[in-house]
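One structure below.
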Amino acid sequence: MTKKIKVPYGLRNGRSFHITEVENGLGCNCVCIGCGEDLIARTNHKTPHFAHYRSEQCKYALETSLHLIAKEIISDAEGIILPAVEFIPPVNITESNKIYLDKLRSYALDSAVKEKDMGGITPDLLVNSQGMQLMIEIYVTHKVDEAKLKKIRELGISAIEIDLSKCSREFRREELVQRLIHDISCKKWLWHEARESLNGALLSWLPTAPYNEKFYVPGCPLPKNNRGGHQYPEIDDNCSRCTYYVDLGTTPKIIGCLGNQKIIERKRHRDTSDSGPVYGLTSINQLKRLYKDVEKN
């Protein structure tokens, strides 16, 4: 038989209260965080809890309570510890193949606004940390989807997601404070301005070309029989399946070929009667220098 979890929190004047913080009965003056219906406090029960006064227990009371209280805790906090900001280059440049753009550290919370309309999306919290705007999303039942992530990118505001999906619905506030403020295992950066700036630096340095399906790559290190007998490998048919292939995730599309240690621009193949070279070949060493400059700064 599934254990029925009691509702431990009620809402009064916009703030949450634990069952141990209120008077017994209707004198608690609390409503359900999930549905807004009146609650009765059963403080003398073997397991003290709130119950709905005139209706059945709200289906969403526990999840909504967790979500609301998490926002309260962060809004009231003076600071929050967030994970390091990592950037993984498209080629092996450092021993760990990671660049740390910012270390694991505490961010001061100078102000926090709950559910502010940002023109198309409403983050759980929009905080200001020493002049830096930061969106905080609380994941209880629904994580940030691609549509919302796209909006975050368009706004250009760094955003982090805190995963409470596995958090017990019988939580105590002090346990939640520890998880939200101090624990980093439940936190991940959705988008960060510093990472985007590095991507921008890379894109401004690399050659680009509009993508279509008729691109070829010169200088392939593999023999012809490994690329369908073609003089030049076809990117969509051959390169995308190759172990040397690196998708730089750019728009327009650019690929990296680790086999011949070049960054290769996708351009249309021209026959020998056309004048001038058509392939942009860039030394991998230049790319390494770019990342090292970022690390120094």
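The values are calculated or read from the model by the stated rules, or taken from the named source; none is laboratory data. Since the structure is predicted, the reported quantities are computational estimates derived from the model, not experimental observations. Every residue, glycine among them, receives a Cβ derived from its backbone with ideal geometry; neighbour counts consider all protein chains shown.
Here the condition is being in contact (Cβ under 8 Å) with a residue 24 or more places away in the chain and surrounded by 16 or more Cβ atoms within 10 Å (Cβ to Cβ); of Thr20, Thr64, it holds for Thr64 alone.
Restricted to region 16-73, and to residues there that are among the hydroxyl-bearing types (Ser, Thr, Tyr) and assigned to a loop (DSSP other than H, G, I, E, B), the residue that is nearest to Asp163 (Cα to Cα) is Tyr60. Restricting the first member to region 153-171 and to residues that are farther than 19 Å from Lys187 by Cβ and touching a residue at least 12 places away in the same chain (Cβ under 8 Å), and the second to residues that are aliphatic (A, V, I, L, M) and not in a loop (DSSP other than H, G, I, E, B), the beta-carbon pairs closer than 7 Å and six or more apart or on different chains are Arg169/Leu62; Arg169/Leu66.
With farther than 16 Å from Glu72 by Cα, polar (S, T, N, Q) and touching a helix residue (DSSP H, G or I) at 6+ places or on another chain (Cβ under 6 Å) as the only criterion, which of Ser185, Ser165, Ser158, Ser129 stands out? The match here is Ser158. Candidates in region 181-202 are the residues that are surrounded by 16 or more Cβ atoms within 10 Å (Cβ to Cβ) and over 16 Å from the mean Cα position of the chain (by Cα); of these, the one that is modelled with the highest pLDDT is Ile181. Residue-level analysis places Lys98 among those that are surrounded by fewer than 19 Cβ atoms within 10 Å (Cβ to Cβ), touching a residue at least 12 places away in the same chain (Cβ under 8 Å) and of a type in the set (D, E, K, R).
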